[in-house]
1. For all pairs of alpha-carbon atoms in the stretch A:216-361, what percent lies in each bin of width 5 Å, listed from the first bin to the last filled one?
2. Considering every residue in B:252-264, what mean count of other chain Cβ atoms within 10 Å of its Cβ is obtained?
3. How high is the relative contact order of chain A, given as a whole-number percent (alpha carbon pairs under 8 Å, six or more residues apart)?
4. Using the basic label-point model (7 angstrom from Cα toward the beta carbon), what is the A:Asp45 to B:Glu224 distance in nanometres?
5. Carbon and sulfur together cover what percent of the accessible area of chain A at a 1.4 Å probe radius?
6. Report the accessible surface area buried between chains A and B, summing both sides, using a 1.4 Å probe on protein heavy atoms only, in Å² rounded to the nearest 100.
7. Assuming 0.890 mPa s and 25 °C, estimate D for chain A with Stokes-Einstein, Rh taken as the Kirkwood radius over Cα pairs, in µm²/s.
8. For the stretch B:165-245, how big is Rg over Rh, using alpha carbon atoms and the Kirkwood form of Rh?
2 protein chains.
Amino acid sequence: MKIALLGYGTVGRSLDELLKRRDLNIEVKRILRRNKDPKDSRVTDSIDDILQDEEIVCVAEALSGREPADSYLKMIMESGKHVVSANKAAIASDFEGLLKLAGKMGTTFLFEASSGGTIPWIENIKEIRETDEIVSLKGILNGTCNFIIDKMEREGIEFEDALRTAQSLGYAEADPTADIGGHDTYNKALISCSLAYNGFVKKDFPVLGMEKLTRDMLKELEAEGKTVRFMMLSERSGDRYAVGVAPMVVRKDSIEANVRQNFNCASLTGVTVGELKFYGQGSGGYPTADAMVRDLVRVRDKKTEPDILEKKLVYDDSLIEGVGYFPFGKKRGLLSELIVEARKKDVFMAFEHEEDNEVNA
Amino acid sequence: MKIALLGYGTVGRSLDELLKRRDLNIEVKRILRRNKDPKDSRVTDSIDDILQDEEIVCVAEALSGREPADSYLKMIMESGKHVVSANKAAIASDFEGLLKLAGKMGTTFLFEASSGGTIPWIENIKEIRETDEIVSLKGILNGTCNFIIDKMEREGIEFEDALRTAQSLGYAEADPTADIGGHDTYNKALISCSLAYNGFVKKDFPVLGMEKLTRDMLKELEAEGKTVRFMMLSERSGDRYAVGVAPMVVRKDSIEANVRQNFNCASLTGVTVGELKFYGQGSGGYPTADAMVRDLVRVRDKKTEPDILEKKLVYDDSLIEGVGYFPFGKKRGLLSELIVEARKKDVFMAFEHEEDNEVNA
């Protein structure tokens, strides 16, 4: 199978190398990148070279940011080629449009690498959804945030210092806003919840960043046997659902509190299967590229079906109630209301979903 | 699709009910059970009624114990029907024979429910194995053992008392030997490692039960920030591998130490994907039956390929080295040697694989 690759950053380069190294019968015929590489005849700076190449069956998109990726994805689908993408920002910006276009064109559109890095999260959601009803999703889906909190916790340092270390080690971007402000987790939550609940979730669900987390807040929580993880949280009941992204209070003896460094851990709860958790590398060139390779193998083997999300879901924020931990004390309320309050007062807030924090005894 | 069900214990009954409740186009036409139920015309006590029924495409086997299940599985394959089994004892007793017969007959043979209960462990091993090289497997694969250790740890009670509670709650059998002696974990390790390493592992790898675990041992470990989990552990390097089942020493801040009650958690490490962990209910009627339903849907949709394990693997116990914690102190050595010593002296031993217990900093 001949494919094209869009983008040649860490993930694109790793994907190219993995495909060269492995005997999967998948060949990168063209590479779209801004700077032409005179030594690599596959490289082009024109998307048309790829769209018009009839030998290219599938395009692997490893660009970053919403545009031009979103437009490219649609142009590729319209050209009748299959698509594998790692780009959560582009996918989340018009998930409904992309899935519907893929359905209309009969093209396969896979995006395992977009959410949870190398963790087989998307595929397992699809698998479980087929036979069970998924009633809750939650998870640590951003490795940068987790690295920072883990560092603050272990070394007793402040946010800014942990962020600087993350940047110097390459775990955080020079501009870390998308990670620590929650937008990256928001994108992954939008994609995951829509798939799990079989309908498109609304775009303006509540998000609170973790920029205002302090060492003192972690110390206070530690005295209660708790800590913070930056997570998405979502509940569903029939056609009603709620979803939010915020710092969450978790017990020290929970699985989540023991997810270290830049690892991710995502959970789904089904009526029959109960709670399943999936843990692994949520970022990094090779792990992310590996998830793309698995998707490419699915395209090669034609082992996929279109995702048709058919339910009309109704947002109901009363589904997520708990306790907000503010610098000035605790307050019971809905996640959505507590996030509004934290934003208005411009303070830190971590949300405790008590159901999750009961002692399992 | 019409199927037959072998066995009508907790899992068989749950499977029957799930299939009735869900609109999956899978109908249980016959049920094999010892005691005929006059109210259910599907019930038979003769395997021939099932083998000779040409409408039955697939048989779901939820018997317990090795025989007659193993013979039935082979008879079903020979009759040209597909097989879904939850029976680790029967499968592990002749895994090679069963896979080869399935391959020869062209029948689909799936067994997700045999290892890790409802956790999509087997499918994810197959998925990752297709593109990456799996170099290690480990995991908590027995809910009964985990329930007992967790109980001892939290309540500071002795093994016998925790076992009695597990029995009264239905988490342990009246005869708990297969669980606490390690045979159940052994079966799951044999199946998982063979699949992951793409070759049949030898049948007589080292196993040590956890019957001799004491409250004092847990207290001593706690002082070091550690505890015990009953696990399989396996390493592979090229065509060499080692595998063992024993009580393992894990750090309190590891994921495994925070797996509570009767939950399971299994990990695989691939060269490219790194470490992936899968957590969920390892037993129970509905969760286990749900894994069988997923397999039945795969058979229904013909979405499977035969498992052909082609590598000749060489057992090399030098691949697993660490520290044995005995009642009389610690001792460095190979897992296999330390197990032999514990058996000879008839004492408890828990193995610390130091690689796993390094501080991730």
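The values are calculated or read from the model by the stated rules, or taken from the named source; none is laboratory data. It should be emphasised that the depicted structure is a prediction, and the values quoted were computed from it without experimental measurement. All Cβ positions, even for glycine, are placed from backbone atoms using ideal geometry, and neighbour counts span all protein chains on display. These accessible areas exclude ligands, DNA and RNA; they are computed on the full protein's heavy atoms, side chains included. Shrake-Rupley method; radii C 1.70, N 1.55, O 1.52, S 1.80 Å.
1. 2, 8, 14, 17, 17, 15, 12, 8, 4, 2, 1, 0
2. Numbers: counts 3, 6, 2, 9, 2, 2, 9, 3, 6, 2, 0, 5, 0.
That average works out to 4.
3. With pairs under 8 Å counted, the relative contact order is 19 percent.
4. Here the answer is 6.1 nm between the modelled labels.
5. Answer for chain A is 46 percent, counting heavy atoms of protein chains only.
6. On the way: alone 15850 and 15830 Å², together 28110 Å².
Summed over both sides, the interface buries about 3600 Å².
7. Values: Rh = 21.0 Å.
This corresponds to a translational diffusion coefficient of 117 µm²/s.
8. Across the stretch B:165-245, the Cα-based Rg/Rh ratio is 1.06.
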